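Student: Handing you this structure, nothing more for now.
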Amino acid sequence: MDRATYPRTIVNDRQRRMLDIVWDDSPAQRLPHALLRAQCKCTVCQSQRLLATAMQVAPAVPPSDVRIEEIRQVGVYGVQLVFSDGHERGIYPWDYLRTITSTPGLSAGRGSVSGEAANDFRNVGGDAGDGAAVAGDQRVIAGADRFVGDAAAG
């Protein structure tokens, strides 16, 4: 990528288990939580995928009910995703997130993500108590006007 591109809006919908991203220069992107877990770039996950390839077996697929519980900003570089299965090692740079589109058995897409204000980050949905780790947390991210922790569902 020639110039840094940042998301305007990131919406973590825990009920649908989807991460919706609106980029400042392209259509919206909708990524299932399980897909993001399967595409983790940490050394443990990459090693497991390489080993599966070497052994000519299918790589492990995360459970379909895995959810993103928390999103942590990593400077202007990207985000660290904390999953409901306890995995929190992977860092997802902005450039890498933009390349994730689909994996066999999991779907993702680009299209319209509507109903959310631009230039913010939100966690929506889930059970009572979800989002406690980010409730009330506000931070500015590069290229965005605001970074809002926990938003009311609906």
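The values are calculated or read from the model by the stated rules, or taken from the named source; none is laboratory data. Note that this is a predicted model, so its numbers are computed, not measured. Cβ sites come from the backbone with ideal geometry, for glycine too, and all protein chains shown count toward neighbours.
Student: Among the residues of region 85-102, write down those that are farther than 14 Å from residue 35 by Cβ and crowded, with 19+ Cβ neighbours inside 10 Å.
Tutor: 94
Student: Among what's in region 17-31 and is in contact with a helix residue (DSSP H, G or I) (Cβ under 9 Å, 6 or more places away or on another chain) and surrounded by 14 or more Cβ atoms within 10 Å (Cβ to Cβ), pick the residue that is modelled with the lowest pLDDT. Show your work before the answer.
Tutor: As a first pass, look at region 17-31 and keep what is in contact with a helix residue (DSSP H, G or I) (Cβ under 9 Å, 6 or more places away or on another chain): 17-19, 21, 23, 26, 29, 31.
Keeping just the survivors that are surrounded by 14 or more Cβ atoms within 10 Å (Cβ to Cβ) gives 17-19, 21, 23, 29, 31.
Working: 17: 94, 18: 94, 19: 94, 21: 91, 23: 88, 29: 91, 31: 94.
Checking each candidate, the answer is 23.
Student: OK, next. Tell me, yes or no, whether region 60-73 has at least one residue that is among the aliphatic types (A, V, I, L, M), surrounded by 13 or more Cβ atoms within 10 Å (Cβ to Cβ) and under 17 Å from residue 93 (Cβ atoms).
Tutor: Within region 60-73, one or more residues are among the aliphatic types (A, V, I, L, M), surrounded by 13 or more Cβ atoms within 10 Å (Cβ to Cβ) and under 17 Å from residue 93 (Cβ atoms).
Student: Looking at residue 37, is it crowded, with 19+ Cβ neighbours inside 10 Å, in contact with a Pro (Cβ under 8 Å, 6 or more places away or on another chain), among the charged types (D, E, K, R) and closer than 18 Å to residue 86 by Cα?
Tutor: In short, yes.
Student: Could you say which residue among 118, 108 is buried (at least 16 other Cβ atoms within 10 Å of the Cβ), of a type in the set (A, V, I, L, M), at pLDDT below 75 and within 18 Å of residue 13 (Cα to Cα)? Let's see the steps before the verdict.
Tutor: Numbers: 118 fails: buried (at least 16 other Cβ atoms within 10 Å of the Cβ).
Only one candidate passes the filter, namely 108.
Student: Can you pull out the residues in region 22-50 that are under 22 Å from residue 75 (Cβ atoms), hydrophobic (A, V, I, L, M, F, W, C) and in contact with a Ser or Thr (Cβ under 7 Å, 6 or more places away or on another chain)?
Tutor: 22, 23, listed by residue number.
Student: Would you check if residue 66 is aliphatic (A, V, I, L, M), assigned to a loop (DSSP other than H, G, I, E, B) and at pLDDT 90 or above?
Tutor: Working: aliphatic (A, V, I, L, M): yes; assigned to a loop (DSSP other than H, G, I, E, B): yes; at pLDDT 90 or above: yes.
So residue 66 passes the test.
So that you can scan it fast, the table gives a plain yes or no per residue for (1) in a helix (DSSP H, G or I); (2) in contact with a strand residue (DSSP E or B) (Cβ under 6 Å, 6 or more places away or on another chain):
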site: 8; (1), (2): no, yes
site: 12; (1), (2): no, yes
site: 40; (1), (2): no, no
site: 46; (1), (2): yes, no
site: 50; (1), (2): yes, no
site: 60; (1), (2): no, no
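Student: How about region 42-58: which of its residues are exposed (fewer than 14 other Cβ atoms within 10 Å of the Cβ) and under 29 Å from residue 11 (Cα atoms)?
Tutor: 43, 44, 46
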